[in-house]
Structures are given as structure tokens and as C-alpha cells.
Amino acid sequence: MRHVGDALGDTLLQSRNNIVTIGIAPWGVIHNRTELIGQDTITPYHAVASPKSQNVVLNSNHSYFLLVDNGTIRKFGCEVALRKKLEKLISQQKIITRGSSKSYNTPVVCLVLEGGANTIRTVLECVTDNPPVPVVVCDGSGRAADLIAFTHKYAQDDGTMQEMLRDQLIMTIEKTFTYTREQAEKVFIELMLCVKKQELITVFRMGEDNQDIDLAILTALLKSQNASAPDQLSLALTWNRPDIARTQIFKYGQEWPEGSLDQAMMDALIYDRVDFIKLLLENGVSMRKWLTMGRLEELYNIGLKSGPQKSSVAVYVASNQKQDRASTLRFLIREGKKHIPINYWYTLQDIGMVIEKLMGGAFRAFYCRRHFKTKYNTLMRKDSNVAARLLVVFHVGYFIRPEYPADLSQPSIVEDVDLYHVPFNHSPAL
């Protein structure tokens, strides 16, 4: 708990997302725990323990704590069952990615930093669970983590270990946990059961060059999930790891059905994943076909309707340049069009109007020309009986597109109607 909290200390201040960290610990080992008793009260807590104290202090870099009380004092282990149930519950929560109606289970990974004998049992439960939970072991962090990493490295394919290495490992277990020979042999059996599922265990060696913990975690998730290639790509894009996408997802000979990369390109543009955009272009996405009128308008609207995801001053200062651009564009559009509703869908004509305003009337925007308007309106009326509105998923909410057909963003509409001789990405307004 302390290692995770310390590692997140600086990250929490710099992150643009609201990272929630929940610590789970036995009540009987907490230093000055009686000070925490109360309901709807605010109590000062000093997170520094006396060197002579046999208890531990709560790490201040956690958002919440769940303290488990089974009546024992200065004993770890009673929190394991609750933690496992909570992890199971979280993993069963469904999430919906932007632009998709398909739901996914929340990805969960077990990260092992140091730890005691109970940690080894937790790892065993993770890899034998249904569905299993991938494990990332930080070799070099001490105790349980080092024992698991050693076993993972030297265990043979048939589930055995050379006798000399076996004796060495059992002696190390005795010294590490101050166990008897019999207790150490039981832990050894648990270690061997863990590495039987070695494909679910990823060992991260601390201090080695070219080793990133986020890379190890993402690799573990990709190995454990039986997800389709587009779903794996979505996960890599969320983590902003184009290197993983290039080496593990865009494998040589991988066939991608037509249109399967369209959503990934949209997400890469929305989240400013420049390296992913280059990677998608290298692997078959054609902007000439991809950039339809519907997608172009969707990009404008998502950019105009997005706002800071976190209210802290540090985050706003880091992101205010992008938000100022969107605010300026919104202001210019609303200055020219009064009484715009909250869920208004900005059109390409609105963008053209702003361009003309900024040019001082000395330029006729392509989107405002009569020729374009005629073709635009014709295209918008096509298949208008299909639907009256389109819901566009943005993060965890929706904004309404009240006028246009639901399949407007599909390339087939533009390809079926031969209205444009110049691709949108080559038009003068861009």
C-alpha cells in the first residue's frame, strides 16, 4: 500500500484524470486507529508512526480506505477476502467506450510489490479465478514479489524445480517470513501452483533499462484478455502506447476487415494521439475515404462540447490552451447565431461562417457557397426517414444531434451519392 501510494504521489498532482486509489488494510494493525472512530466526523491524522511502534500508518496518497476488523491485533490477512470480493465486483462492472454500444468488463490487474505470505495466496487466487486476473510482479521490490519472480524464472514446464533450487527457495522462504521448514514447504507448494499459470504472470524487473511499469501492466492485460484485435487496439490507445500496438496488435499478416479501424481513427483524433494516427494510416486507413461529412462535423462538435474533466487549477492550466480555442470558436458561432439551444449540433456552414468572419469578409468560405449548401442539404435529406436523431457517445454522457439520419457518419452514404468531386480533406476550408 505504501509503495503504491508513494508512486502515485506526484502522478496525482499532474494527472488530468481523477485517479481514485482505495487502500484496504486490517483495522488491528493501524497506528492510532482509535482516533479514526466516528461517524460523519473530520479527524486530524498524523501519517508518521513512532519507530518503536509495531503498527503501520495510513498512506496519505490514497483517496479512500476500507479497514477490516475481525477482532485480531497486529495481524495481517483478514483483509484478503474483502479485497478479493471488491476486485471481483469491480471487474464485473460494464464500461462502454466512446462511439460504441458494446460493453466490456472493467480490466483488472494484480500488481505485486513486496508483500508477505498472504500476497502469495492472493496471487494464487487471481490466476486460478474464473475469469483469471493477470498479475504483474515487481522483481526487486522484496519478499513475496522476489519469491514469485524466482519461481517463475526457474520452474520447469512440467511443474517441477531442480532439487538444488528447490532447497534454496525453501530456505529463503524460512528466512524471509521466519517460518518453520513445514510452513515454508507449504508456501513453496503455493508458489509452484502460481507459476503453473505462468502465462498470466508478467515479471517487471525494477531498475532495468527500457522497462516501464505501465508497459508491463498493459502487456499483462493484453495477454490475459481474449478480446478481438479492435478491442485490444482500443485498450492500447487508451493507454497511449503505440509501441505496443505496433508490436503486439498490428502483427505481420494481421487482417483487418474494412471499417474495423474507423473508430480507432476517430478516438485517436479526439484524444490527440498523433503516433496512433500515423500508425493507423500506415495500416490501411485512408483519410480520403474515412473523412466523411458526418465524421468531420462530429469532430467539430466533440471539440466544441468538451470541457475540463477535472476542476483543479493545475489541470486547467495544463489544458486551457485547447479549451480556449474551443471557447473562442463557440463564442464566434453564437455571436452570429442567436438563441442557440444547449444541445445544438454545429454544422459545417457554422464553421464556414466563422472563417468568413475571421477573414473580415474578404474571403468566401467553401462551406458557405451556394453550390456546397445545395449538395449538403441534398445529402442531409437522404434517408431522412431512417431516424430523426443521432446519439453520439462522448466519455460517459451523450449529446443530441437532432436533425440528421443515424447512418450519416457511414462512408457508404458519401460513396453512394456522387456529389463531391473534391474530398473533404482537400477542400479550401481545411
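The values are calculated or read from the model by the stated rules, or taken from the named source; none is laboratory data. Nothing here was measured: the structure is a model prediction, and the numbers come from that model. No Cβ is skipped: glycine too gets one built from the backbone with ideal geometry, and neighbour counts run over all protein chains shown.
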Out of (1) surrounded by fewer than 14 Cβ atoms within 10 Å (Cβ to Cβ); (2) among the hydroxyl-bearing types (Ser, Thr, Tyr); (3) not assigned by TED's automatic domain parsing to the domain that holds Ala149, the one Thr180 does not meet is (3)
Note on region 45-67: residues modelled with pLDDT of 80 or more and touching a strand residue (DSSP E or B) at 6+ places or on another chain (Cβ under 8 Å) are Asn55, Val56, Val57, Leu58, Asn59, His62, Ser63, Tyr64, Phe65, Leu66, Leu67
Only one of (1) more than 24 Å from Met287 (Cα to Cα); (2) within 23 Å of the chain's Cα centre (by Cα) does not apply to Asp231, and that is (1)
Residues of region 241-255 being in contact with an Asp or Glu (Cβ under 9 Å, 6 or more places away or on another chain) and surrounded by fewer than 16 Cβ atoms within 10 Å (Cβ to Cβ), in sequence order, are Asp243
In region 114-130, anything out of contact with any strand residue (DSSP E or B) (no Cβ under 8 Å at 6 or more places or on another chain) and at negative phi is listed as Gly116, Ala117, Asn118, Ile120, Arg121, Leu124, Glu125, Thr128, Asp129, Asn130
Restricted to region 210-260 and to residues being outside any loop (DSSP other than H, G, I, E, B) and among the acidic types (Asp, Glu), the residue nearest to Leu124 (Cα to Cα) is Asp214
Scanning region 68-77 residue by residue, those modelled with pLDDT of 90 or more and at negative phi turn out to be Val68, Asp69, Asn70, Thr72, Ile73
Scanning region 183-209 for residues that are of a type outside the set (A, V, I, L, M, F, W, C) and assigned to a loop (DSSP other than H, G, I, E, B), the one surrounded by the most Cβ atoms within 10 Å (Cβ to Cβ) turns out to be Lys197
Q | Residue within region 274-288 that is in a loop (DSSP other than H, G, I, E, B), of a type in the set (Asp, Glu), farther than 21 Å from Ile95 by Cβ and at pLDDT 90 or above present | A | no
Any residue at all in region 252-274 that's without any contact (Cβ under 8 Å) to a residue 24 or more places away in the chain, more than 22 Å from Met287 (Cα to Cα) and not assigned by TED's automatic domain parsing to the domain that holds Leu299? yes
Residue hits (region 153-172; assigned to a helix (DSSP H, G or I) and not aromatic (Phe, Trp, Tyr)) are Lys153, Glu163, Met164, Leu165, Arg166, Asp167, Gln168, Leu169, Ile170, Met171, Thr172
Taking region 256-280 and keeping residues surrounded by fewer than 18 Cβ atoms within 10 Å (Cβ to Cβ) and under 25 Å from Leu348 (Cα atoms) leaves Gly259, Gln263, Ile270, Tyr271, Asp272, Val274, Ile277
Within region 219-232, does at least one residue satisfy the condition of being more than 30 Å from Ile95 (Cβ to Cβ) and either loosely packed, with under 13 Cβ neighbours inside 10 Å or of a type outside the set (Gly, Ala, Ser) (or both)?
no
Residues that are farther than 30 Å from Arg295 by Cβ, touching a residue at least 24 places away in the same chain (Cβ under 8 Å) and not hydrophobic (A, V, I, L, M, F, W, C): does region 94-108 have at least one? no
Apart from one, (1) closer than 30 Å to Gln198 by Cα; (2) in contact with a Pro (Cβ under 9 Å, 6 or more places away or on another chain); (3) crowded, with 19+ Cβ neighbours inside 10 Å all hold for Leu237; the odd one out is (2)
Note: among Phe188, Phe204, just one is of a type in the set (Phe, Trp, Tyr) and closer than 16 Å to Leu113 by Cα, namely Phe204
Any hit, region 290-303, residues being at pLDDT 85 or above and outside any helix (DSSP H, G or I):
yes
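Residue by residue, here is whether (1) part of a helix (DSSP H, G or I); (2) surrounded by 20 or more Cβ atoms within 10 Å (Cβ to Cβ) holds:
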{"position": "Lys75", "(1), (2)": "no, no"}
{"position": "Asn118", "(1), (2)": "yes, no"}
{"position": "Val127", "(1), (2)": "yes, yes"}
{"position": "Ile148", "(1), (2)": "yes, yes"}
{"position": "Thr151", "(1), (2)": "yes, yes"}
{"position": "Glu174", "(1), (2)": "yes, no"}
